[in-house]
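Working notes, structure below.
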Amino acid sequence: MAGRMLPLELVDRCVGSRLWIILKGDKEVVGTLRGFDEYVNMVLDDVTEYEVTPRGREKNHLDQILLNGNNVCLLVPGGDPEAASTQS
């Protein structure tokens, strides 16, 4: 069928772009996707990590991470959790 795209093709189109990644548990990360493999393990640059704790939402900056694909729940190309939280 025309217009069909496999999930890994969509992720491949996001290489070099900012991604908002919602993880299992209470963590989210936003970073620039540099590469990934067939298990959706990802290398991200210029990463901001968000974690919900009893003290509130904490923010941490990391230069580069290797993210295990088993922890990924949702990928939002071009997404921004700070913009989304102000809209709700």
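The values are calculated or read from the model by the stated rules, or taken from the named source; none is laboratory data. On a predicted model such as this, the values are computed, not experimentally measured, just so you know. Please note: Cβ atoms are built from the backbone with ideal geometry, for glycine as well, and neighbour counts cover all protein chains shown. All accessible areas refer to the heavy atoms of the entire protein, side chains included, with ligands and DNA or RNA removed. Shrake-Rupley method; radii C 1.70, N 1.55, O 1.52, S 1.80 Å.
For the chain, what % of the accessible area comes from carbon and sulfur atoms, probe 1.4 Å?
Using a 1.4 Å probe with all protein chains present, the chain comes out at 51 percent carbon and sulfur.
Quick one: if you stick a label point 7 Å off each Cα along the C-beta vector at Thr53 and Tyr39, how many nm between them?
For the pair Thr53/Tyr39, the computed spacing is 2.9 nm.
Using each residue's phi in the stretch 29-45, evaluate 6.51 cos²θ - 1.76 cosθ + 1.60 at θ = phi - 60° and report the 3J(HN,Hα) Karplus result to the nearest Hz, with x for Gly and Pro.
Karplus-based 3J(HN,Hα) across the stretch 29-45 equals 10, 10, x, 8, 6, 9, x, 7, 10, 5, 9, 6, 5, 10, 9, 10, 10 Hz.
Using a 10 Å Cβ count of at most 11 others and DSSP loop calls, identify the longest part of the chain lacking such trypsin sites (Lys or Arg not before Pro).
Longest gap between qualifying sites, sites excluded: 56-88.
Over the chain, what relative contact order in percent results from Cα pairs under 8 Å that are six or more residues apart?
29
Could you tell me the extents of the stretch 1-68's C-alpha atoms along the three principal axes, largest first, rounded to whole Å?
Rounded to whole Å, the extents work out to 49, 23, 18 Å.
Which FRET efficiency value, to the nearest 0.05, is calculated for Arg18 and Asn70 with the Förster distance at 30 angstrom and r the Cβ-Cβ distance?
Efficiency for this residue pair is about 0.85.
Would you mind computing, in nm to one decimal, how far apart the modelled labels at Arg4 and Asn60 are, each placed 7 Å from Cα along Cα→Cβ?
Roughly 4.2 nm, to one decimal.
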